[in-house]
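All remarks here apply to the structure that follows.
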Number of protein chains: 2
Amino acid sequence: MAQAVVRAEQYRGMGAAEFFYRNKEIAGFGNPTRAIYQTVRELVENSLDATEVHKIPPKIVVQVEAVDPDKNIYRVTVDDNGIGIPPDKAPYAFGRVLYSSKYVARQTRGMYGLGVKMAVLYGQMTVGKPTLVITSPRGSKFTYRFKVKVNVKTNEPEVPEKGEWPKSGDWHGTRVSIELVGDWRRARTKILEYIKRTAIIAPYADITIITPEGILVRYPRKTYEMPEPPKEAKPHPKGIDIEALRQIIDKSKAKTLKQLLITEFQSIGPKTASVLLKRAGLEPDLNPKTLTDDQLKALVDAFHSYEKFRPPSPEPLSPIGAELIKIGLKSVLKPEFVEAVTRRPSAYGGHPFIVEVGIAYGGEIPPADQPVLYRYANKIPLLYDEKSDVAWKVVGETIDWSNYKVSFPAPLVVLVHIASTKVPYKGVGKESVMEVPEIEREIRLAVQEVARKLKRYLTKKEKEEELQKKVITFMKYVPEVA
Amino acid sequence: MAQAVVRAEQYRGMGAAEFFYRNKEIAGFGNPTRAIYQTVRELVENSLDATEVHKIPPKIVVQVEAVDPDKNIYRVTVDDNGIGIPPDKAPYAFGRVLYSSKYVARQTRGMYGLGVKMAVLYGQMTVGKPTLVITSPRGSKFTYRFKVKVNVKTNEPEVPEKGEWPKSGDWHGTRVSIELVGDWRRARTKILEYIKRTAIIAPYADITIITPEGILVRYPRKTYEMPEPPKEAKPHPKGIDIEALRQIIDKSKAKTLKQLLITEFQSIGPKTASVLLKRAGLEPDLNPKTLTDDQLKALVDAFHSYEKFRPPSPEPLSPIGAELIKIGLKSVLKPEFVEAVTRRPSAYGGHPFIVEVGIAYGGEIPPADQPVLYRYANKIPLLYDEKSDVAWKVVGETIDWSNYKVSFPAPLVVLVHIASTKVPYKGVGKESVMEVPEIEREIRLAVQEVARKLKRYLTKKEKEEELQKKVITFMKYVPEVA
Ligand SMILES: Nc1ncnc2c1ncn2[C@@H]1O[C@H](COP(=O)(O)OP(=O)(O)O)[C@@H](O)[C@H]1O
Ligand SMILES: Nc1ncnc2c1ncn2[C@@H]1O[C@H](COP(=O)(O)OP(=O)(O)O)[C@@H](O)[C@H]1O
Ligand SMILES: [Mg+2]
Ligand SMILES: [Mg+2]
Ligand SMILES: [Mg+2]
């Protein structure tokens with residue numbers, strides 16, 4: 001008997017850890033194939049954030065080992081030379097859902113404070129073991145070792161084991177090791193593709209993966225040139241809502257409204273502050289902490305209706321740059337033609353963003369019936385849910401490639417990179433980007449720009465081939481006339 | 001100057017309210033168009049859960065009013081005749097993210113404990129006002145009134161106003177009213193379509209919507225026949241992981257392992273319990289609270305490898321039934337042909353599910369180049385992200401409709417309903433369902449089954465038309481021979 005019952009409504013609250021544990025599929029941990037893929041991804045992305053955001057040329061080793069292949073138990077280990085994690089933060093960084101150093105307006109791969117905890121949780125729910133973390137922060141004299149779990153009920157980290165020892169060299173970095181039930185066989189191709197695409201977008205990184213079969217794939221560093229790291233910026237008034245304003249006021253030390261506007265926001269100097277306050281019908285000397293709901297609303301309305309703000313500062317962004325994109329595409333795909341462009345900064349809803357597009361054509365690229373799209377958001381390769389991504393809409397559905405002399409099947413790879421302080425992902429699994437009109441437009445313009453260069457190249461090539469033919473035809477007759 | 005800075009890593013935790021406030025787009029509140037649509041949806045879905053799950057024939061009135069059309073401020077109000085909310089729970093139900101009466105294994109529209117709070121938050125961040133709730137629980141002698149906000153920092157409800165008064169009649173139900181900045185003009189079509197599709201799937205409901213233009217659209221009740229409400233069931237062993245087992249043990253009063261297995265799980269009687277414990281190498285008399293990690297793992301392994309469990313009980317499910325689907329499709333679409341099927345219960349990963357499919361053809365349905373797909377999950381119409389949904393994969397991409405005598409353009413509507421204790425949505429916005437192989441298979445079989453009936457109908461019709469032609473041809477000659 002199933003012993004099903006009808007009960008009165010049972011009301012209860014749930015913590016964030018239990019919520020994401022119960023709904024792990026929305027974070028990309030829906031089945032053993034996705035889970036092992038996502039685990040590699042989350043660890044690699046953390047390692048890249050811990051290195052390149054701090055201008056350390058990344059050196060990352062990923063190892064997937066078969067612990068018990070019959071039961072599909074694997075161990076994923078990722079090693080980096082990043083900044084490490086302070087020992088008082090490490091248990092939270094790995095054992096508390098929604099804990100992060102990336103909750104700031106600055107372009108990083110991470111943003112939700114969720115990724116590695118999902119992997120830790122998945123490991124503990126399928127294999128039952130804690131995650132092993134070894135870390136030495138930059139400048140620290142010690143190396144620290146933790147075993148960490150997430151307490152699903154309380155969202156507190158559990159640390160069944162820890163230790164530390166003095167270090168001799170100046171190594172710094174982090175090593176994370178998670179045992180989980182995964183389907184390596186099915187995930188294999190995607191994981192290797194993920195590493196390859198990561199290497200393309202980060203040619204300044206040295207990335208190695210060692211598979212359970214003992215195969216080692218290495219993408220050596222191609223350059224020491226690195227993108228300028230992102231800087232943290234103040235919020236832009238256009239992105240502010242009533243709740244955000246309330247939070248800023250809570251934290252601010254400003255004594256007057258005018259001071260608040262000038263010190264806490266981008267693009268507001270004394271003059272703009274006066275104009276805004278006048279529009280909102282508010283006295284400049286008001287104490288910000290005393291604002292009523294209606295006054296908060298009036299100020300936000302003034303922010304939204306003011307036309308003359310400078311666009312959000314692009315300083316929190318760290319695009320790759322056309323040169324590095326070309327290096328990445330060339331070295332990995334070996335095409336006959338490569339071109340790339342980095343657009344000027346743009347913005348949606350107060351968030352700055354930059355679109356970059358690269359095209360690789362011919363050479364060792366196999367012909368396909370459609371353009372092959374390499375999607376990236378904040379330098380993360382996105383491999384799932386392609387058809388629901390804004391970049392696919394442009395590259396696969398809007399652009400008429402025949403206008404650019406490309407006729408399919410063709411050996412065409414299009415790389416689209418969206419860099420933003422707030423990538424509008426469709427879900428916390430970070431697999432596809434929403435159709436924000438401003439972003440769509442920038443992608444279209446960027447693709448068109450690069451595609452025009454491809455067209456010039458293909459036109460020239462066509463002419464040369466015709467010429468070649470003529471020469472050959474001519475040559476045939478040369479001996480006779482000679 | 002943007003005054004951007006490079007700072008040391010700032011580590012911090014975030015509460016669930018702040019997380020969803022900052023990432024509202026993943027819950028369907030990404031812009032003013034989606035936000036007003038989603039607000040209507042979340043309120044209507046709560047009203048339907050509060051009625052039909054308790055076998056109350058729903059009577060629901062949705063009103064959208066323009067408060068300040070220049071600033072796009074609208075008020076969405078939804079009234080129902082449901083079970084109401086106890087006054088001590090109401091502030092949490094509306095003012096705390098991740099609080100619900102639906103965190104149980106039972107088919108309901110709600111499941112995340114998030115929906116109405118996102119609407120409350122969106123209202124308070126765009127207009128700044130609290131949400132107004134008036135509720136009278138079934139059996140209560142009072143009516144209660146609350147104004148509620150979510151404290152974004154603490155995830156505690158804020159109740160700036162409340163009151164209560166004795167009631168005379170036996171009215172029970174809830175009225176929720178939220179002011180928000182929304183784009184009614186753009187959302188209008190989707191909202192009306194949403195209401196229409198809700199009426200199709202719930203012909204036992206009386207649903208009215210009043211638009212800001214003062215237009216009233218009503219879908220009167222077509223029947224008092226209602227689906228059997230879902231019952232709450234115990235967990236099925238196949239769906240259990242180590243963490244779930246740990247939680248069950250924490251809560252259980254069972255003194256021995258054997259008792260635990262028998263009392264806390266579906267499909268385990270004394271005999272099966274003994275077999276499972278033997279496989280796991282565990283003594284039946286062990287106190288469950290003393291299990292080590294390895295012992296927990298061994299028990300879960302035994303659950304997963306045991307072949308002879310009955311499939312999960314379908315009692316927590318509440319499918320609509322083929323008859324009601326036909327009534328719904330007929331009354332709203334006025335087709336010439338309608339057919340429907342409810343498949344037998346199936347399961348994925350320990351969660352029971354049932355697929356239902358209806359087809360409507362011809363009549364007042366306008367011809368289209370593709371089948372028009374009406375997707376539903378736990379009776380919720382899904383209108384966005386169609387192309388990434390498992391149902392679209394089957395109906396739009398896998399089935400060859402020409403096998404069923406349908407040649408496009410054709411007047412064909414296909415309704416697919418997935419009912420489950422755990423619908424594998426791709427995101428908390430509940431817009432599309434993942435491609436779970438078991439679910440995909442059931443959808444395919446169901447569509448094929450109904451499509452065969454359509455084929456028979458179309459074949460018969462063809463023959464009749466031919467006959468008709470012959471009769472007409474014959475008739476022409478009748479007078480002459482007469
Ligand atoms: N390899 C690493 N090196 C340094 N810090 C790390 C590393 N992995 C994780 N962290 C820290 O742990 C935090 C939480 O990581 P995660 O849960 O993946 O969320 P997010 O990356 O979105 O911040 C990060 O913000 C970072 O501060
Ligand atoms: N109209 C209503 N009638 C009765 N209860 C309601 C109503 N609206 C909301 N609730 C209660 O509030 C809870 C929270 O609602 P919500 O945030 O939408 O999450 P969910 O619907 O996923 O549980 C519901 O579980 C329900 O108990
Ligand atoms: Mg991360
Ligand atoms: Mg999603
Ligand atoms: Mg709800």
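The values are calculated or read from the model by the stated rules, or taken from the named source; none is laboratory data. As the structure is a computational prediction, the values presented were derived from the model and not from experiment. Methodologically, a virtual Cβ is constructed for each residue, glycine included, from the backbone with ideal geometry; neighbour enumeration extends over all protein chains shown. Quick note on the areas: whole protein, heavy atoms, side chains included, nothing else; ligands and nucleic acids left out. Shrake-Rupley method; radii C 1.70, N 1.55, O 1.52, S 1.80 Å.
Numbers at a glance
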{"read-out": "Residue in segment A:23-37 that is open to solvent by less than 20 Å² (accessible area, probe 1.4 Å) and either away from chain B (no Cβ under 13 Å) or more than 30 Å from B:GLN10 (Cα to Cα) (or both) present", "value": "yes"}
{"read-out": "Residue in segment A:41-50 that is more than 12 Å from ligand 3 (Cβ to nearest atom) and open to solvent by 20 Å² or more (accessible area, probe 1.4 Å) present", "value": "no"}
{"read-out": "Options A:THR131, A:THR126: the member that is in contact with a Gly (Cβ under 7 Å, 6 or more places away or on another chain), of a type outside the set (Lys, Arg) and under 30 Å from B:LYS238 (Cβ atoms)", "value": "A:THR131"}
{"read-out": "Test result for B:ALA446, surrounded by 13 or more Cβ atoms within 10 Å (Cβ to Cβ) and either outside any strand (DSSP E or B) or over 20 Å from the mean Cα position of the chain (by Cα) (or both)", "value": "yes"}
{"read-out": "Single condition B:GLU228 does not satisfy, out of (1) under 30 Å from A:GLY128 (Cβ atoms); (2) assigned to a loop (DSSP other than H, G, I, E, B); (3) within 14 Å of another protein chain (Cβ to nearest Cβ)", "value": "(1)"}
{"read-out": "Total residues in segment B:123-177, condition open to solvent by 40 Å² or more (accessible area, probe 1.4 Å), in contact with a helix residue (DSSP H, G or I) (Cβ under 7 Å, 6 or more places away or on another chain) and more than 11 Å from chain A (Cβ to nearest Cβ)", "value": "2"}
{"read-out": "Test: residue in segment A:424-434 that is open to solvent by 20 Å² or more (accessible area, probe 1.4 Å), within 16 Å of ligand 4 (Cβ to nearest atom), under 30 Å from A:VAL97 (Cα atoms) and under 32 Å from the mean Cα position of the chain (by Cα)", "value": "yes"}
{"read-out": "Single residue of segment A:109-122 satisfying the filter (within 16 Å of ligand 4 (Cβ to nearest atom) and within 10 Å of another protein chain (Cβ to nearest Cβ)) that is nearest to A:VAL76 (Cα to Cα)", "value": "A:LEU114"}
{"read-out": "Answer residue from segment B:340-375, given it is surrounded by 24 or more Cβ atoms within 10 Å (Cβ to Cβ) and without any contact (Cβ under 8 Å) to a residue 60 or more places away in the chain and is farthest from B:ILE320 (Cα to Cα) among those", "value": "B:ALA360"}
{"read-out": "Filter result for the condition that a residue is aliphatic (A, V, I, L, M) and under 23 Å from the mean Cα position of the chain (by Cα), over B:VAL97, B:VAL150", "value": "B:VAL97"}
{"read-out": "Residues of segment A:328-337 that turn out to be over 13 Å from A:GLU356 (Cβ atoms) and either open to solvent by less than 20 Å² (accessible area, probe 1.4 Å) or in contact (Cβ under 8 Å) with a residue 40 or more places away in the chain (or both), as a count", "value": "5"}
{"read-out": "So A:ALA93, is it within 8 Å of ligand 1 (Cβ to nearest atom), part of a helix (DSSP H, G or I) and either under 30 Å from B:ALA298 (Cα atoms) or open to solvent by less than 20 Å² (accessible area, probe 1.4 Å) (or both)", "value": "yes"}
{"read-out": "Selected residue (only one of A:ARG145, A:ARG185 is free of Cβ contacts under 8 Å to residues at least 24 places away in the same chain and touching a Gly at 6+ places or on another chain (Cβ under 8 Å))", "value": "A:ARG145"}
{"read-out": "For A:ASN403: the one exception among (1) in contact with a Gly (Cβ under 7 Å, 6 or more places away or on another chain); (2) open to solvent by 10 Å² or more (accessible area, probe 1.4 Å); (3) not charged (D, E, K, R)", "value": "(1)"}
{"read-out": "Unique match (being of a type outside the set (Gly, Ala, Ser), over 23 Å from A:ARG343 (Cβ atoms) and outside any helix (DSSP H, G or I)) among A:VAL471, A:VAL428, A:VAL413, A:VAL406", "value": "A:VAL428"}
{"read-out": "Selection within segment B:240-260 - open to solvent by 30 Å² or more (accessible area, probe 1.4 Å), more than 10 Å from chain A (Cβ to nearest Cβ) and more than 22 Å from A:ALA8 (Cβ to Cβ)", "value": "B:LYS255, B:THR256, B:LYS258, B:GLN259"}
{"read-out": "Meets criteria (under 25 Å from A:LEU382 (Cβ atoms) and open to solvent by 10 Å² or more (accessible area, probe 1.4 Å)) for A:ARG221", "value": "yes"}
{"read-out": "The lone exception for A:MET118 - which of (1) open to solvent by less than 10 Å² (accessible area, probe 1.4 Å); (2) more than 17 Å from the chain's Cα centre (by Cα) it fails", "value": "(2)"}
{"read-out": "Scope segment A:232-290; condition in a helix (DSSP H, G or I), within 26 Å of A:MET111 (Cβ to Cβ) and in contact (Cβ under 8 Å) with a residue 40 or more places away in the chain; matching residues", "value": "A:PRO237, A:LYS238, A:GLY239, A:ILE242, A:LEU245, A:ARG246, A:ILE249"}
{"read-out": "Members of segment A:377-400 that are open to solvent by less than 30 Å² (accessible area, probe 1.4 Å) and either part of a strand (DSSP E or B) or within 11 Å of chain B (Cβ to nearest Cβ) (or both)", "value": "A:ALA377, A:ILE380, A:PRO381, A:LEU382, A:SER388, A:ASP389, A:TRP392"}
{"read-out": "B:ALA8, sole failed condition from (1) in contact (Cβ under 8 Å) with a residue 12 or more places away in the chain; (2) more than 24 Å from B:ARG185 (Cα to Cα); (3) surrounded by fewer than 24 Cβ atoms within 10 Å (Cβ to Cβ)", "value": "(1)"}
{"read-out": "Hey, A:ASN81 over 24 Å from A:GLU431 (Cβ atoms) and more than 16 Å from ligand 5 (Cβ to nearest atom) or not", "value": "yes"}
{"read-out": "The listed residue being farther than 24 Å from B:ALA8 by Cα, assigned to a strand (DSSP E or B) and more than 16 Å from ligand 2 (Cβ to nearest atom), out of A:VAL176, A:VAL159, A:VAL152", "value": "A:VAL159"}
{"read-out": "Filter result for the condition that a residue is more than 13 Å from chain A (Cβ to nearest Cβ), under 30 Å from A:PRO437 (Cβ atoms), out of contact with any strand residue (DSSP E or B) (no Cβ under 6 Å at 6 or more places or on another chain) and among the acidic types (Asp, Glu), over B:GLU65, B:GLU42", "value": "B:GLU42"}
{"read-out": "Some residue of segment B:310-329 being of a type in the set (Lys, Arg) and more than 25 Å from B:GLU228 (Cβ to Cβ)", "value": "no"}
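Conditions (1) in a helix (DSSP H, G or I); (2) among the aromatic types (Phe, Trp, Tyr); (3) within 11 Å of another protein chain (Cβ to nearest Cβ), marked per residue:
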| position | (1), (2), (3) |
| --- | --- |
| A:TYR74 | no, yes, no |
| A:ASP79 | no, no, no |
| A:GLY84 | no, no, yes |
| A:ARG106 | no, no, yes |
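Condition check ((1) surrounded by 15 or more Cβ atoms within 10 Å (Cβ to Cβ); (2) over 30 Å from A:LYS129 (Cβ atoms); (3) within 11 Å of chain A (Cβ to nearest Cβ)) across all residues:
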{"position": "B:LEU282", "(1), (2), (3)": "yes, no, no"}
{"position": "B:GLU307", "(1), (2), (3)": "no, no, no"}
{"position": "B:ARG310", "(1), (2), (3)": "no, yes, yes"}
{"position": "B:LYS326", "(1), (2), (3)": "yes, yes, no"}
